[in-house]
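The values are calculated or read from the model by the stated rules, or taken from the named source; none is laboratory data. Computed from a predicted structure; not experimentally measured. Note: ideal-geometry Cβ built from the backbone for every residue, glycine included; neighbour counts use all protein chains shown.
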Amino acid sequence: MNIFFLTLIIFVILYLIFNWFVKTSSAKISKSIRIFTIALSLIIAIVMAYAGRFIFSLPFVLMILPLIKTKAGLTLLQIFRIWSLLKILRNSGRFNFNNINSNLNTQNMSKEEAYKILNLDSKKKYNKDEVLNSYKKIMKKIHPDVSPELTRLASIVNEAKEIILKDLV
């Protein structure tokens, strides 16, 4: 029932806008669009001033990055995958953003963690080619040649690949 009323309201508003658009001159339409653009810009400026502390939050950055042409050519889905990989590693204690020197791997990686890191289902059986394809997809984005800051992350992905390949034998 709510969808019906919402649809009805949208159609009435669209009808009124189109009706006004047909009956007015191009000069009035141009002036109205200009006023609307200025008002919208002011509203966005006020919202940004109020919400400025959130402007560099992760969701905002994820929304903006696809609009920026990056050197690596990352898409939003690939960035989200790298972010989820970092989240898995941070939760397991294998990757620390604050102190690079404390990232020494003092514990062994479990098979479950290795499958999560390579974005594979641990309950499913994979062959060597499928594991290597998944590994290559991830390494294309986090290889140290692409970004030297990701050296530790690349070594963790290498370790995950080795654990899964040993598990296949």
Checklist entry - ALA72 passes all but one of (1) over 22 Å from the mean Cα position of the chain (by Cα); (2) surrounded by 11 or more Cβ atoms within 10 Å (Cβ to Cβ); (3) at pLDDT below 85; which number fails? => result (1)
Checklist entry - Taking segment 4-36, which residues are surrounded by 10 or more Cβ atoms within 10 Å (Cβ to Cβ) and either small (Gly, Ala, Ser) or in contact with a helix residue (DSSP H, G or I) (Cβ under 7 Å, 6 or more places away or on another chain) (or both)? => result PHE21, ILE29, SER30, SER32
Checklist entry - Since GLU159 meets every condition but one in (1) more than 20 Å from LYS87 (Cα to Cα); (2) over 22 Å from the mean Cα position of the chain (by Cα); (3) modelled with pLDDT of 85 or more; (4) assigned to a helix (DSSP H, G or I), which condition does it not meet? => result (1)
Checklist outcome for this item: Pairing a residue in segment 150-163 that is touching a residue at least 60 places away in the same chain (Cβ under 8 Å) with any residue that is among the small types (Gly, Ala, Ser), where Cβ atoms lie under 8 Å and the two sit 6 or more apart in sequence or on different chains, gives none
Checklist entry - Is at least one residue of segment 121-135 at pLDDT below 85 and surrounded by 11 or more Cβ atoms within 10 Å (Cβ to Cβ)? => result yes
